[in-house]
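Shown next, in structure tokens, is the structure this report addresses.
The values are calculated or read from the model by the stated rules, or taken from the named source; none is laboratory data. What you are looking at is a predicted structure, and each value in this text was computed from that prediction instead of being measured. For neighbour counting, all protein chains shown are included, and Cβ atoms are generated from backbone atoms with ideal geometry for every residue, glycine included. Just so you know, the surface numbers come from the protein's heavy atoms only, side chains and all, with ligands and any DNA or RNA stripped out. Shrake-Rupley method; radii C 1.70, N 1.55, O 1.52, S 1.80 Å.
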Amino acid sequence: MFFDGLGLSGFLEVLGILAALIILLGFIIVLTTLILGYFLVKRNKLLFPEVFLYIMDNFHPILLKLCLMVGTEDTFYRIGIDFYNRYYYQPFKNAERKVLILPHCLRDIKCPAKLGINGVECVFCKRCPLGYIIKVAKENNYEVYIIPGSTFIKRILKEKKPTGVFGVSCYRDLFYGMNYLSRKGIPVQGQPLLKDGCIRTSVDVEELITRIKDNR
């Protein structure tokens with residue numbers, strides 16, 4: 001075999017070199033991400049977007065663990081969401097079949113809407129902002145879905161085949177949703193909730209409406 005000629009010491013030396021190379025690669029990835037993240041957050045500049053996209057799409061678990069050493073989980077998600085919004089802004093705006101995904105947790109606790117095959121079917125009772133958001137989105141050529149879970153999202157993607165997806169959710173779910181869509185090559189935009197949870201959550205409706213109209 002190949003390692004028979006090397007002997008134990010030679011084999012360990014090769015392993016040591018490989019380990020050093022892996023550590024060096026990890027250091028380069030982290031350093032690159034920190035530099036690009038700094039310019040994105042502090043100077044409002046998106047440098048080397050293709051590099052940032054590749055790192056964010058493929059190495060986010062490592063980056064999250066490192067971010068937890070110096071900051072919070074939400075800080076990482078905010079940076080990731082901000083990046084995806086900037087990177088996909090124009091491709092999403094040019095998309096012909098846009099879908100708006102809204103979370104069912106925005107509903108009023110006494111919501112009379114029922115769950116149907118395409119998610120929660122709003123009856124526009126005006127007890128929550130969903131009816132108004134849906135109305136404006138449809139006027140701007142979006143298909144709109146209020147979904148209770150990820151299973152609905154995957155089915156919508158498979159059946160509707162949107163060329164652009166706008167999601168509203170808590171920071172964690174929004175980041176992972178945008179990351180999933182980005183790896184599939186689908187332009188994405190996201191709006192985080194102001195207050196998350198399972199019921200009575202909230203979103204900046206004015207900002208969301210402005211973005212929906214801007215990205216039509």
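Tabulated results
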item: All helices (runs of 4 or more DSSP H) inside region 85-163 with 1 or more residues being open to solvent by 60 Å² or more (accessible area, probe 1.4 Å) and farther than 22 Å from R211 by Cβ; result: 150-160
item: Residue match in region 177-185 (condition: part of a loop (DSSP other than H, G, I, E, B), open to solvent by less than 50 Å² (accessible area, probe 1.4 Å) and in contact with a Phe, Trp or Tyr (Cβ under 8 Å, 6 or more places away or on another chain)); result: no
item: I101 touching a Cys at 6+ places or on another chain (Cβ under 6 Å) and at pLDDT 95 or above; result: no
item: Scan of region 67-81 for residues that are modelled with pLDDT of 85 or more and open to solvent by less than 50 Å² (accessible area, probe 1.4 Å), ordered by number; result: Y77, G80, I81
item: Test: residue in region 112-133 that is within 21 Å of G164 (Cβ to Cβ) and at pLDDT 95 or above; result: yes
item: Near pairs, Cβ below 6 angstrom, 6+ apart or cross-chain, from region 123-145 (under 18 Å from L157 (Cα atoms)) to any residue that is open to solvent by less than 60 Å² (accessible area, probe 1.4 Å) and of a type in the set (K, R); result: Y142/K98
